[in-house]
Amino acid sequence: MMLKARVFDSHAHMDCPHYDADREEVFARLRGEIDGLINPGCDNESSLKAIGYAETYDFVYAAVGWHPQEVLRMQDEDLARLEEWSGHPKVVAIGEIGLDYYYDDCAPRPLQRKRFIEQLDLARKVGLPVIIHDRDAHGDMLEIVAREGKGLSGVFHCYSGSLETARELLKLGFYLGFGGSSTFKNAQKLREVLKHVPEDRLLFETDSPYLTPMPYRGRRNDPAHTLLVAQNAALVRGVEPEELIRKSSENVRKLFDKIR
Ligand code: NI
């Protein structure tokens with residue numbers, strides 16, 4: 001099906017080594033295929049790479065931040081670095097930041113919470129939205145964003161929680177991002193959530209190179225696959241893909257208001 005509207009991939013890690021062999025070709029192709037993409041950082045190095053891509057390609061934007069799986073290496077002075085980078089015209093968010101209670105070898109949970117809250121405070125200080133990662137930490141996450149998230153906007157990327165938690169997050173003003181996992185056969189519960197998210201709070205993403213949507217599951221993901229995610233969402237919601245894609249691009253520019 002040919003659509004006029006182009007998808008915006010609100011979350012893709014193009015700095016990953018998966019793209020080392022052909023990154024420039026991938027970016028050149030994407031330029032003709034998608035509306036834009038946001039490359040979030042996970043530490044100093046990946047944040048800087050994201051800024052580099054954003055400076056090179058007009059349709060690419062960067063976010064800077066420390067991912068919960070990386071915060072063991074984060075130093076206090078790194079917060080000042082993030083603050084400096086946040087002033088760059090193409091740095092549109094602080095992220096990805098959050099909590100990950102899935103892996104046992106992650107940073108200790110108290111340290112994850114401390115670094116997460118510090119980065120929420122930074123986002124408020126510099127006036128940028130946040131890109132949040134929440135894996136198996138829904139209880140603590142909800143408590144922290146309700147208490148520490150005042151005056152902040154942001155997205156829960158690759159949302160994986162319950163409908164109940166989704167309603168709480170929507171009430172707090174957050175957007176929800178959906179990716180390839182919403183197309184998986186066993187994701188019935190997630191599609192139920194997807195059906196209930198208001199149209200003006202919905203973002204699409206790939207989380208490339210991971211979580212490749214059906215029917216390409218298992219292969220390297222690609223920001224152009226955002227189209228498959230959006231088409232599946234339209235099917236689930238019983239609406240026209242064209243309309244939903246246009247609306248989600250609008251949502252991207254409303255949340256990340258440095259994007260033109
Ligand atoms: Ni990510």
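If I ask for residues that are of a type in the set (A, V, I, L, M, F, W, C) and open to solvent by less than 10 Å² (accessible area, probe 1.4 Å), which ones from segment 85-107 would you list?
Keep residues of segment 85-107 that are of a type in the set (A, V, I, L, M, F, W, C), which gives 85, 91-94, 97, 99, 106-107.
Correct list: 91, 92, 93, 94, 97, 99, 107.
On the given criteria, is residue 237 within 24 Å of residue 26 (Cβ to Cβ) and among the charged types (D, E, K, R)? Spell out the reasoning first.
Values: within 24 Å of residue 26 (Cβ to Cβ): no; among the charged types (D, E, K, R): yes.
No; evaluated as a whole, the condition is false for this residue.
Yes or no: residue 166 away from the ligand (no atom under 16 Å from the Cβ), closer than 22 Å to residue 93 by Cα and buried (at least 18 other Cβ atoms within 10 Å of the Cβ)?
Details: away from the ligand (no atom under 16 Å from the Cβ): yes; closer than 22 Å to residue 93 by Cα: yes; buried (at least 18 other Cβ atoms within 10 Å of the Cβ): yes.
Yes: the conditions hold for residue 166.
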### Query
When residue 39 is evaluated against the numbered criteria (1) in contact (Cβ under 8 Å) with a residue 40 or more places away in the chain; (2) within 22 Å of residue 126 (Cβ to Cβ); (3) surrounded by 24 or more Cβ atoms within 10 Å (Cβ to Cβ); (4) not aromatic (Phe, Trp, Tyr), which criterion, by number, is the only one it fails?
(1)
### Query
If residue 116 satisfies every condition in (1) over 17 Å from the mean Cα position of the chain (by Cα); (2) part of a helix (DSSP H, G or I) but one, which is the exception?
(1)
### Summary
Of (1) within 16 Å of the ligand (Cβ to nearest atom); (2) outside any loop (DSSP other than H, G, I, E, B); (3) aliphatic (A, V, I, L, M), residue 14 fails just (2)
### Task
Could you figure out which of (1) within 16 Å of the ligand (Cβ to nearest atom); (2) within 17 Å of residue 254 (Cα to Cα); (3) in contact (Cβ under 8 Å) with a residue 40 or more places away in the chain isn't true of residue 156?
(3)
### Message
Which pairs turn up if I take residues in segment 120-132 that are more than 13 Å from residue 92 (Cα to Cα) and look for partners that are within 16 Å of the ligand (Cβ to nearest atom) and assigned to a helix (DSSP H, G or I) with beta carbon separation below 9 Å, at least 6 apart in sequence or on another chain?
### Response
132/116; 132/141
## Note on the structure
The residue from 63, 50 that alone is crowded, with 24+ Cβ neighbours inside 10 Å and touching a helix residue (DSSP H, G or I) at 6+ places or on another chain (Cβ under 8 Å) is 63
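Only one of these is modelled with pLDDT of 95 or more, away from the ligand (no atom under 14 Å from the Cβ), closer than 18 Å to residue 13 by Cα and part of a helix (DSSP H, G or I): 79, 142, 48. Name it. Show your work before the answer.
Details: 79 fails: closer than 18 Å to residue 13 by Cα; 142 fails: closer than 18 Å to residue 13 by Cα.
The match here is 48.
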### Task
Could you figure out which of (1) within 18 Å of residue 207 (Cα to Cα); (2) loosely packed, with under 14 Cβ neighbours inside 10 Å isn't true of residue 76?
(1)
### Query
Are any residues in segment 192-217 within 16 Å of the ligand (Cβ to nearest atom), part of a loop (DSSP other than H, G, I, E, B) and open to solvent by less than 60 Å² (accessible area, probe 1.4 Å), and if so, which ones?
205, 206, 207, 209, 212, 213
### Message
Just to be sure I understand, how many residues within segment 218-231 are touching a helix residue (DSSP H, G or I) at 6+ places or on another chain (Cβ under 9 Å) and away from the ligand (no atom under 16 Å from the Cβ)?
### Response
5
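The values are calculated or read from the model by the stated rules, or taken from the named source; none is laboratory data. Remember, predicted model here, so these are calculated numbers, not experimental data. Every residue, glycine as well, gets a Cβ built from its backbone with ideal geometry; the counts of neighbours run over all protein chains shown. Keep in mind that these areas ignore ligands, DNA and RNA; they rest on the heavy atoms of the full protein, side chains included. Shrake-Rupley method; radii C 1.70, N 1.55, O 1.52, S 1.80 Å.
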